[in-house]
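Just below is one structure, and these are the notes that go with it.
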Amino acid sequence: MSWRRFIRRRWWDEERAREIAAYLEIETADNIARGMPPAEAAAAARRKFGNPAMVREEIYRMNTVGWLESTWQDLRYAARVLRLSPGFATVAILSLALGVGANTAIFQLLDAVRLRSLPVRNPQELAEVKIVGGNHGMGINQQYGELTRPIWQVIHDKQRVFSGTFAWSVNQHYVGRGSEMRHFHGLWVTGDFFRVLGVQPWRGRLLLPEDEGACPVTHAVVSYSYWRSEMGGREPGTGTKTIMDNDAVEIVGVTPPEFFGMSVGDDFDIALPFCRQKEELRRDIFEVSVMGRLKPGSTLARASAEMNALSPGIFEATVPPGRDPRSVEMYKHFRLSAYPASQGVSWLRESYDRPLWLLLGIAGLVLLIACANLANLMLARASTRAREFAVRLALGASRARLVRQLLAESALLAAAGTACGIALARSLSGVLVWSLSTEGSSVNLNTAMDWRVLLFAAGVAVLTCAAFGVLPALRASQGQPAAAMKAGGRGMTTGRERFSLQRLMVVTQISVSLVLLVAALLFVRSFRNLMTFDPGMRESGITAGFLGFWQSNLPEQRWLDFKRELLDEVRATPGVLNAATTTNSPLLGSSWEHGVHIGALEGDSKFTWVSPGYFDTMGIPVVRGRGFTENDTANSTRVAVVNRTFGRKYLSGADPIGQNLRTIQEPNYPSTVYEIVGVIPDTQYNDLRGVTPPMTFAPASQLPAPGPWTGLMIYSNAPPAAIGAAIKRRLAARHPDVIVEFSDFQKDIRDQLAPERLMAMLSGFFGALAALLAMVGLYGVVSFIVARRRHEIGIRLALGAECGRVVAMVMRDAARLLAVGIALGTAASLLAGRSAGSLLFGLKPWDPATLAAAGTLLAAIAAAASFVPARRAARLDPMDALRDE
Amino acid sequence: MGKKPTQTDILQGTLDMLILQTLAPGPAHGHTIAYAIERRSEDVLQVEHGSLYPALHRLEERGWIASFWGTSENNRKARYYRLSAAGRKQLRAEMSRWERVVRAVNRVLRPAEE
């Protein structure tokens with residue numbers, strides 16, 4: 001067998017045809033020369049030669065690769081067959097495209113969030129050093145911050161197992177001045193960061209160890225996207241300075257387009273080197289993530305062992321000051337270990353891991369329903385094509401060849417569906433990423449196709465093809481040709497067997513749809529519960545704000561008064577009904593906690609320092625005692641308002657008013673005694689779902705270590721966007737150096753529900769799709785059964801059966817399928833519900849109302865789907881049905 | 001194809017050998033080859049002339065003969081075949097094999113004469 005011949009077989013065929021023609025010419029000429037008349041001469045030549053077509057065919061076959069040729073034939077024939085029934089092909093390809101597209105899109109997201117490696121050199125060599133079990137909330141914790149900078153210093157100096165180490169942290173900072181100021185996503189790195197990662201500059205140069213000099217920072221590099229959008233692609237390193245925070249910084253380079261930093265889903269704007277401050281580094285701020293590249297041949301286990309061995313020395317040398325002995329003891333017993341870091345870090349992983357796997361499962365079930373539907377269609381087609389198959393079998397086709405022929409049709413459908421599905425997935429995953437993004441945090445994911453996604457899609461295609469193709473193909477090839485030819489497609493004798501397979505498919509569809517409907521209802525209701533949940537405070541009409549005045553160069557003793565002046569400006573803005581300062585916005589994820597002693601009890605409480613109008617602004621009633629007033633000053637008695645949980649937990653229900661609580665000392669926060677003067681009801685703390693912790697509020701004037709900034713909560717009767725803009729204008733005119741940010745509080749809260757929204761949206765969509773597919777499936781099967789029983793129904797009608805009875809007869813059949821499907825589906829829902837439990841809010845996965853609603857909905861859909869063919873059966877003209885015979 | 005030994009293998013092999021032998025003196029086209037085989041076997045070996053062509057195709061594919069378009073004795077275009085070096089070797093091998101077979105068959109058929 002020669003591939004060259006195979007490829008040139010058509011050419012050879014023509015060549016041989018010419019050769020044969022030449023033979024015939026020569027022989028004819030010879031015959032004429034022998035004295036034959038021309039016509040007879042030509043005929044004699046042909047006789048002498050034999051059958052030219054057979055000869056050509058024989059040569060052609062010599063040039064072919066058998067299986068390839070017949071596969072190609074099968075596929076071409078399948079394409080022709082499918083072209084003959086475009087309706088069927090369209091429905092099949094579309095439903096597959098939807099199924100495969102949804103699965104692939106969700107898998108793309110999973111791939112991007114969970115499976116993809118960082119775009120750096122040999123990412124599998126990277127390891128992150130973390131405290132085993134975390135730091136138990138000690139000190140100040142920043143996003144992705146696992147260790148303090150002093151700890152990093154010791155690791156860097158002592159470790160031998162890594163060929164290079166680096167520390168990094170992310171933080172939002174500001175470029176520009178005052179009201180002109182804008183946020184940027186800062187990536188703070190040690191000098192070795194880019195070298196150890198092996199990232200090459202796109203333009204200019206990247207940061208080097210010598211950039212890690214004394215504060216303030218003088219050099220920085222920007223990400224590719226920031227460079228394009230904010231710097232207009234201007235060549236870096238020309239000496240132009242940009243103002244960042246308060247310092248003039250020169251941009252010296254641009255990172256490559258694919259590099260987004262170390263956290264998947266986030267994109268950094270500007271990378272700056274850590275700088276050496278004059279004062280000693282803080283030992284209580286857990287702000288950096290420390291990573292290293294393993295030496296060639298080294299392993300994670302060896303790195304962990306070394307980190308563990310180094311731990312006692314490291315923690316002994318970096319004890320945070322001003323801590324109580326117990327925390328110090330705990331701190332000294334921390335142990336370090338190395339963890340794989342090839343995929344970087346990501347907050348998306350925690351929030352979306354479960355939802356995405358669950359959605360993948362749901363999308364898989366939708367695909368299963370689509371396959372069951374297709375299998376049904378194929379079965380129905382097979383029975384109408386029984387005659388064709390019978391003829392082929394009778395003419396000598398082998399059953400295997402017939403199966404192959406039918407599988408070729410399925411394969412073609414699966415391939416076309418998958419191709420469309422992949423195309424669809426590209427836009428779908430874009431929509432998904434977009435729906436994860438909120439105003440505050442845009443999500444940036446690389447969902448480009450990679451081998452994993454393509455492998456996944458191909459796997460799905462093969463599975464679907466097997467799922468909907470094999471059974472009908474096997475079934476179709478088993479017909480007895482003689483019986484099929486005789487029956488001629490209108491017999492009453494078609495066995496129940498074929499029906500039973502279709503019934504099985506419908507039962508599967510109904511039960512799986514029920515599972516999906518239950519999931520959809522659960523997630524939609526859960527989301528609704530969250531949306532309508534009362535957190536115990538005002539949400540709508542509230543604007544959350546942030547004011548920063550570190551560019552104003554005010555002396556520290558002026559800060560408190562200045563904050564009051566700024567608050568007065570805000571309150572005087574038209575439309576503002578009330579406003580207060582706070583150290584912490586509720587419900588938006590951030591947390592502030594101190595240890596407390598109440599009598600002999602010790603525990604933790606959340607702490608918030610607020611100005612007097614806070615409870616009024618937020619609509620939180622003070623149910624006992626009083627709120628704060630202007631008389632609570634920096635010099636008066638320290639007072640506090642606590643929530644009910646605080647009283648329940650630490651005062652065992654006794655009246656909190658007049659009781660004292662003492663904070664446990666921390667750096668900058670000396671141990672202080674507060675007298676409880678008021679009680680508020682329990683409100684949610686930093687998210688909607690959590691259990692309310694003990695909470696303490698204290699007057700802003702008594703905040704121990706204030707900074708040149710404050711949070712704001714504003715209640716207005718104008719829309720937050722308008723109020724924010726008005727206040728911004730007012731402050732820009734009077735205090736141009738003050739950094740001002742506002743956001744719609746309610747919208748911020750809802751943005752936090754993005755994972756729940758995604759779940760509700762997608763599971764709702766899939767549930768609806770499943771119900772639709774189940775309806776189509778049931779309709780198809782009932783119609784088919786009715787068509788097959790046409791003759792029988794005709795006789796019944798002719799013998800005087802009433803229309804109603806015929807309808808009832810057909811519907812009873814459908815109802816049986818429905819009952820079995822719903823019973824199985826309910827059981828499956830209860831089993832599957834367990835995996836969804838933790839994602840639900842305010843209801844249980846076995847919520848009976850939801851189960852009942854889903855069952856009823858499905859029953860209604862099924863009734864509608866089977867009523868149409870049932871009525872058609874009842875309106876049958878018996879004469880027509882019987883005359884057919 | 002044709003890897004599997006079949007009943008026609010011997011006949012096919014024989015036809016191959018006859019073609020190769022016919023081409024031994026010099027190039028010829030299909031028509032000539034067919035008549036040459038017929039004539040030389042004194043019309044005992046009647047081949048359907050068409051069946052020659054698949055054999056020619058197979059021999060060419062194996063590299064034993066090469067072909068080119070030429071002009072026939074009476075000025076018609078025809079495809080000529082010529083023996084390649086490999087074909088010559090193959091012809092010798094086939095002939096010796098054939099002789100062995102013929103001797104063996106003869107020995108079986110006429111043991112007395114041995």
All but one of (1) without any contact (Cβ under 8 Å) to a residue 12 or more places away in the chain; (2) farther than 30 Å from A:GLN172 by Cβ hold for A:GLU306, so report the exception by its number.
(1)
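A quick yes/no check of all residues on (1) surrounded by fewer than 22 Cβ atoms within 10 Å (Cβ to Cβ); (2) within 12 Å of another protein chain (Cβ to nearest Cβ); (3) more than 20 Å from A:ALA21 (Cβ to Cβ):
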site	(1), (2), (3)
B:ILE19	no, no, yes
B:LEU23	no, no, yes
B:THR32	yes, yes, no
B:TYR35	yes, yes, no
B:ARG39	yes, no, yes
B:HIS49	no, yes, no
B:LEU56	no, yes, no
B:LEU59	no, yes, yes
Is there a residue in segment A:335-345 that is among the hydrophobic types (A, V, I, L, M, F, W, C) and part of a helix (DSSP H, G or I)?
no
Can we say A:GLY595 is under 17 Å from A:PRO699 (Cβ atoms) and either buried (at least 21 other Cβ atoms within 10 Å of the Cβ) or touching a residue at least 12 places away in the same chain (Cβ under 8 Å) (or both)?
no
Taking the stated definitions as given, is A:ARG16 crowded, with 16+ Cβ neighbours inside 10 Å and either within 8 Å of chain B (Cβ to nearest Cβ) or touching a Leu at 6+ places or on another chain (Cβ under 8 Å) (or both)?
yes
Pull up segment A:150-195, narrow it to residues that are of a type in the set (Phe, Trp, Tyr) and over 16 Å from A:VAL120 (Cβ atoms), then point me to the one that is modelled with the lowest pLDDT.
A:TYR174
With (1) at pLDDT below 85; (2) surrounded by 18 or more Cβ atoms within 10 Å (Cβ to Cβ); (3) in contact with a Lys or Arg (Cβ under 7 Å, 6 or more places away or on another chain) as the list, and A:VAL113 as the residue in question, which single condition is left unmet?
(1)
Matching residues, segment A:386-407, being surrounded by fewer than 17 Cβ atoms within 10 Å (Cβ to Cβ) and within 19 Å of A:ARG788 (Cα to Cα):
A:ARG387, A:GLU388
Of the conditions (1) within 27 Å of A:LYS747 (Cα to Cα); (2) in contact (Cβ under 8 Å) with a residue 12 or more places away in the chain, the single one that A:ASN668 does not satisfy is (1)
Single unsatisfied condition, A:ILE26 versus (1) at the interface with another protein chain (Cβ under 8 Å from one of its Cβ atoms); (2) at positive phi:
(2)
Please specify each residue of segment A:33-57 satisfying the condition of being in a helix (DSSP H, G or I) and more than 11 Å from chain B (Cβ to nearest Cβ).
A:PRO38, A:ALA39, A:GLU40, A:ALA41, A:ALA42, A:ALA43, A:ALA44
Quick check: anything in segment A:457-477 among the aliphatic types (A, V, I, L, M) and at pLDDT below 80?
yes
Looking at A:THR71, A:THR64, which is the one that is more than 14 Å from every other protein chain (Cβ to nearest Cβ), among the hydroxyl-bearing types (Ser, Thr, Tyr) and either part of a loop (DSSP other than H, G, I, E, B) or in contact with a helix residue (DSSP H, G or I) (Cβ under 9 Å, 6 or more places away or on another chain) (or both)?
A:THR71
Any residue at all in segment B:77-86 that's of a type in the set (Lys, Arg), surrounded by 11 or more Cβ atoms within 10 Å (Cβ to Cβ) and out of contact with any strand residue (DSSP E or B) (no Cβ under 9 Å at 6 or more places or on another chain)?
no
Need pairs with beta-carbon distance below 8 Å; first residue in contact (Cβ under 8 Å) with a residue 24 or more places away in the chain and assigned to a strand (DSSP E or B) and within segment A:564-583, second of a type in the set (D, E, K, R) and surrounded by 19 or more Cβ atoms within 10 Å (Cβ to Cβ); sequence gap 6+ or separate chains.
A:THR581/A:LYS563
Looking only at helices (runs of 4 or more DSSP H) that fall completely inside segment A:734-818, which ones have 3 or more residues that are more than 30 Å from A:ARG182 (Cα to Cα) and modelled with pLDDT under 85?
A:754-788, A:790-798
Does any residue of segment A:543-565 turn out to be in contact with a helix residue (DSSP H, G or I) (Cβ under 6 Å, 6 or more places away or on another chain) and either over 27 Å from A:ALA732 (Cβ atoms) or of a type in the set (Val, Ile, Thr) (or both)?
yes
Scanning segment A:647-680 for residues that are of a type in the set (Phe, Trp, Tyr) and either at pLDDT 95 or above or within 16 Å of A:SER701 (Cβ to Cβ) (or both) gives A:TYR669, A:TYR674
When you check B:SER72 against the structure, is it within 26 Å of A:ALA53 (Cβ to Cβ), small (Gly, Ala, Ser), within 9 Å of chain A (Cβ to nearest Cβ) and under 13 Å from the mean Cα position of the chain (by Cα), yes or no?
no
Filter result (surrounded by 14 or more Cβ atoms within 10 Å (Cβ to Cβ), in contact (Cβ under 8 Å) with a residue 60 or more places away in the chain and over 31 Å from the mean Cα position of the chain (by Cα)) within segment A:824-866:
A:ALA862, A:ALA865, A:SER866
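Condition check ((1) touching a residue at least 60 places away in the same chain (Cβ under 8 Å); (2) within 44 Å of the chain's Cα centre (by Cα)) across all residues:
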position	(1), (2)
A:SER763	yes, yes
A:ALA770	yes, yes
A:GLY780	yes, yes
A:GLU792	yes, no
A:ARG805	no, no
A:VAL810	yes, yes
A:ASP813	no, yes
A:ARG816	no, yes
A:ILE822	yes, yes
Regarding segment A:435-456, can at least one residue be identified that is small (Gly, Ala, Ser), under 30 Å from A:SER477 (Cβ atoms), touching a residue at least 40 places away in the same chain (Cβ under 8 Å) and not in a loop (DSSP other than H, G, I, E, B)?
no
Checking the structure you have, find out if any residue of segment A:5-28 is touching a residue at least 40 places away in the same chain (Cβ under 8 Å), over 19 Å from B:ARG79 (Cβ atoms) and part of a helix (DSSP H, G or I).
yes
Which listed residue, of A:THR299, A:THR318, is surrounded by fewer than 18 Cβ atoms within 10 Å (Cβ to Cβ) and hydroxyl-bearing (Ser, Thr, Tyr):
A:THR299
Can you tell which of A:LEU310, A:LEU281 is over 30 Å from A:SER671 (Cα atoms) and aliphatic (A, V, I, L, M)?
A:LEU310
More than 14 Å from chain B (Cβ to nearest Cβ), outside any loop (DSSP other than H, G, I, E, B) and within 30 Å of A:ALA309 (Cα to Cα): which single residue out of A:GLN108, A:GLN124 fits that description?
A:GLN124
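The values are calculated or read from the model by the stated rules, or taken from the named source; none is laboratory data. Note that this is a predicted model, so its numbers are computed, not measured. With ideal geometry, Cβ positions are generated from the backbone for all residues, glycine too; neighbour counts draw on all protein chains shown.
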